[in-house]
Amino acid sequence: MPQSPTGRPTLEDVARLADVSLGSASRALSDPSLVKPKTLQRVMQAVEQLGYVRNGAARALASRRTFSVGAVYPTLHNPAFADSIHALQQTLWGFGYQLVVASHEYVEEREYEVVRSIVERGVDGLILVGVEHDQQVFDLVRHRKLPLVLSWSLDQPPYGHSVGFSNHKAAYDLTRAVLARGHKDIAVVCGSRAHNERARQRVSGTADAMAEHGLKLREDWIVEQPLSVEGGKLAMHRILAMEQRPTAIMCNTDTLAIGALHECRMHGIVVPDQMSITGYDDIVLASLTVPPLTTVHIPTAQMGTLCARRLVGLIENRDLGEVPALGHEVIIRESLGQAPSMTTPASIATGAIKNRLMPARIDSDRV
């Protein structure tokens, strides 16, 4: 059999071996629904036998599409994001698209460069987290006329389409569960609220629920830290150094809550007898902590699936069905208990903690 000048099998080689026309071989690979099953079978057998790989550049030139989608996440360390990315990728594969993933690790100035790098790869569409981004990002995507889906939020973006849930309502409902157990002294541990509507909405959801009970969320009890286990440890270290302590700590991610639980254990604070702790996301580890973590379940996998469907619909200009607003569920576990009769007094040497207290570190980390 004659070979191409490069020595690599060509589409002509596939057609010849399968005993079909070049057009039939091309249609079998680009849109299998257009050819008969027997023809498709012969072509695919020839592809496997020859080890043929389609020329992506030629395919993109012919179709004006690369059949790839970009997704930029704040971090790849958050298990909630990982679950969503997995579902996103699986769904895109079903539509014949590949996923290109990147993160800016919560460095606001880096996001534009990351987005631009992915856009320059010729992706057919883009997925970002949240609706609050630098105007440069929106201008870049708009000028390229690139379909855009923004996840993890229901707010209307300046460009693109939203797929997500109400961060305010989720935090509000969780706070009501905390209040129902008699807690009045409540602190919130979150990422930086600057440039992040999701963090602000979660804090405001807690503040609004407390206000309905005649309570006020103290600004000095809103502790901003990196959204990580280490950030949760640092936040709890800071809280334990306070002369007056809250009886409930509401963490804006489960990873923060896991760090807070660890720090309590290191200082002999019994959860939930002396202090209650809640999380947010309901990652797999949330049910395995000691004690198991009260949290808000977010349908992260469903979010990935719906983002994929919405973006493919925009790329191909076809109706794949309405994308509903996602719900949430408050999951009550043992880390949330009844409030003590009064604000827990310092049971360890506050001065000693203050001497060991690391400087508060406020990063731009946020979910």
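Descriptive notes on the structure:
- Translational diffusion coefficient of the chain (Stokes-Einstein, Kirkwood radius from Cα pairs, 25 °C, 0.890 mPa s): 107 µm²/s.
- Net lengthening on full extension, A325/Q41 (0.36 nm per residue, minus Cα-Cα): 98.1 nm
- Sequence-distant residues sharing a close amide H with I222 (under 5 Å, placed H): V188
- Protection proxy ranking of 249-260, 167-178 - average other beta-carbon atoms within 10 Å, highest first: 249-260, 167-178
- Centroid-to-centroid separation of segment 144-192 and segment 256-284 [C-alpha atoms, Å]: 21 Å
- For V296, the residues whose amide H sits under 5 Å from its own are G279, Y280, D281, D282, I331, ignoring neighbours fewer than 5 places away on the same chain, with H placed 1.01 Å from N.
- For the chain, the longest principal axis of the Cα atoms and the long axis of helix 300-316 meet at an angle of about 40 degrees.
- Sequence-distant lysines (8 or more away, or on other chains) whose Cα lies within less than 17 Å of K216: K184
- Amide hydrogen neighbours beyond the local backbone of S151, cut-off 5 Å, H modeled: L128, V129, G130, V163
- Accessible surface for the chain, divided over its residues, is 47 Å² per residue with a 1.4 Å probe.
- The portion of the accessible surface of the chain made up by carbon and sulfur, rounded to a whole percent, is 52 (1.4 Å probe; DNA, RNA and ligands excluded).
- In order along segment 199-213, the Karplus-derived 3J(HN,Hα) couplings, from 6.51 cos²θ - 1.76 cosθ + 1.60 at θ = phi - 60°, round to 5, 5, 5, 5, 5, 5, x, 5, 4, 5, 5, 5, 4, 5, 9 Hz, and Gly and Pro are given as x.
- Computed extension gain for E219 through V107, at 0.36 nm per residue and net of the alpha carbon distance, reaches 37.9 nm.
- Among G268, G205, G313, residue whose mean-square fluctuation peaks in a GNM of the chain (springs only between Cα atoms under 10 Å): G268
- Over the chain, relative contact order from alpha-carbon pairs under 8 Å, at least 6 apart, %: 18 percent
- Applying the Karplus relation 6.51 cos²θ - 1.76 cosθ + 1.60 with θ = phi - 60° to segment 143-153 yields 3J(HN,Hα) values of 5, 7, 6, 8, x, 9, 10, 10, 9, 6, 7 Hz, where x marks Gly and Pro.
- Sequentially through segment 34-46, phi angles give Karplus couplings (6.51, -1.76, 1.60; θ = phi - 60°) of 8, 10, 5, x, 5, 5, 4, 4, 5, 5, 5, 5, 5 Hz, Gly and Pro residues having no value and appearing as x.
- Residue-averaged [θ]222 nm for the chain, counting only DSSP H segments that reach four residues, each worth -39500 (n - 2.57): -13000 deg cm²/dmol
- Across segment 147-236, C-alpha contacts under 8 Å between residues 6 or more apart give a mean separation that, scaled by the residue count, equals a relative contact order of 27 percent.
The values are calculated or read from the model by the stated rules, or taken from the named source; none is laboratory data. Here the structure is a predicted model, which is why all the values come from computation and not from measurement. Quick reminder, even Gly has a Cβ in these numbers, built from the backbone with ideal geometry, and neighbours come from all protein chains shown. Protein only, heavy atoms only, side chains kept; ligands, DNA and RNA dropped before computing areas. Shrake-Rupley method; radii C 1.70, N 1.55, O 1.52, S 1.80 Å.
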